Amino acid sequence: MATSDPQRKVDRLKRANPTRKFDPQGGRLPPGQYLTEKFPVLHYGSVPRFDPKDWDFKIWGLVENPIRLTWDEFTKLQTKTATCDIHCVTRWSKFDTQWEGVPWSWVIENAKPKPAANFIMAHCEFGFTANVPLSEIDQDADVMLAYKYDNQPLEPDHGYPLRLLMPRLYFWKSAKWLRGIEFIAQDRPGFWEGYGYHMRGDPWTEERFS
């Protein structure tokens, strides 16, 4: 479902009073979440069109080695798979999701972030952005630049051709339609953070809003 007014969406979520009885699923489900077998679609605006001839992916900012890759070059990189749980700020969670993509270790080894880099800003289609602390990425072995879900290319609504996978945090940080990663020294709000979502977004401490 596309959202036409992001501020209204955030305000409505803040006012929500969930009535579902919370089931922690043996400690696997963060507080305030409910488990679903579905994969809900939530985003702002329209789904971008993908043309592999024009698409590129860039890494820049506080790095020793800025990178630019075409789609053909990107899909020739070594990949990894991961099975992880994901948790949306709108309160749904999905267990055992399966992903494939370029591991975050490739980004670190090839772009070589400078010591001053403490955060990244994910840059996506239509100017959408999401900020993530490097300290959070360092604690999550499943972080990747994902282009397959459940052994298939991502669906357009779920970020095709590429999204950041950051399962340690609320799922809006796993930014869809990814086009680049900027390494930065100081934190600054991304798109949803600018409308009131939390700057970090830890589901286990319910960091939904700033």
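The values are calculated or read from the model by the stated rules, or taken from the named source; none is laboratory data. What you see is a predicted model; the values in this text were computed from it and never measured. With ideal geometry, Cβ positions are generated from the backbone for all residues, glycine too; neighbour counts draw on all protein chains shown.
Descriptive notes on the structure:
- Note on segment 21-56: residues that are basic (Lys, Arg) and surrounded by 13 or more Cβ atoms within 10 Å (Cβ to Cβ) amount to 0.
- Screening Pro103 with (1) loosely packed, with under 13 Cβ neighbours inside 10 Å; (2) under 16 Å from the mean Cα position of the chain (by Cα) gives one miss only, at (1).
- Just one of the numbered conditions (1) crowded, with 20+ Cβ neighbours inside 10 Å; (2) touching a helix residue (DSSP H, G or I) at 6+ places or on another chain (Cβ under 7 Å) is not true of Cys124: (2).
- Every residue from segment 174-191 that is in a loop (DSSP other than H, G, I, E, B) and within 23 Å of Arg208 (Cα to Cα): Ser174, Ala175, Lys176, Trp177, Gln186, Asp187, Arg188, Pro189, Gly190, Phe191
- Test: residue in segment 31-41 that is modelled with pLDDT under 95 and aliphatic (A, V, I, L, M): yes
- Residue that is nearest to Met199 (Cα to Cα), among those in segment 150-161 that are free of Cβ contacts under 8 Å to residues at least 60 places away in the same chain and touching a strand residue (DSSP E or B) at 6+ places or on another chain (Cβ under 9 Å): Gly159
- Residue count for segment 91-112 satisfying the condition of being closer than 21 Å to Leu154 by Cα and in contact (Cβ under 8 Å) with a residue 40 or more places away in the chain: 13.
- Residues located in segment 162-183, provided they are among the basic types (Lys, Arg), touching a residue at least 40 places away in the same chain (Cβ under 8 Å) and within 13 Å of Pro203 (Cα to Cα): Lys173
- If the condition is being part of a loop (DSSP other than H, G, I, E, B) and among the hydrophobic types (A, V, I, L, M, F, W, C), then segment 89-129 contributes Val89, Ala116, Ala117, Phe128.
- The residues of segment 53-76 that are in a loop (DSSP other than H, G, I, E, B), more than 20 Å from the chain's Cα centre (by Cα) and in contact (Cβ under 8 Å) with a residue 24 or more places away in the chain, listed by number, are Leu62, Glu64, Asn65, Pro66.
- For Val132, the conditions (1) out of contact with any Gly (no Cβ under 8 Å at 6 or more places or on another chain); (2) in a loop (DSSP other than H, G, I, E, B); (3) not polar (S, T, N, Q) all hold with the exception of (2).
- Counted residues, segment 137-151 - those being in a loop (DSSP other than H, G, I, E, B), within 13 Å of the chain's Cα centre (by Cα) and of a type in the set (A, V, I, L, M): 1
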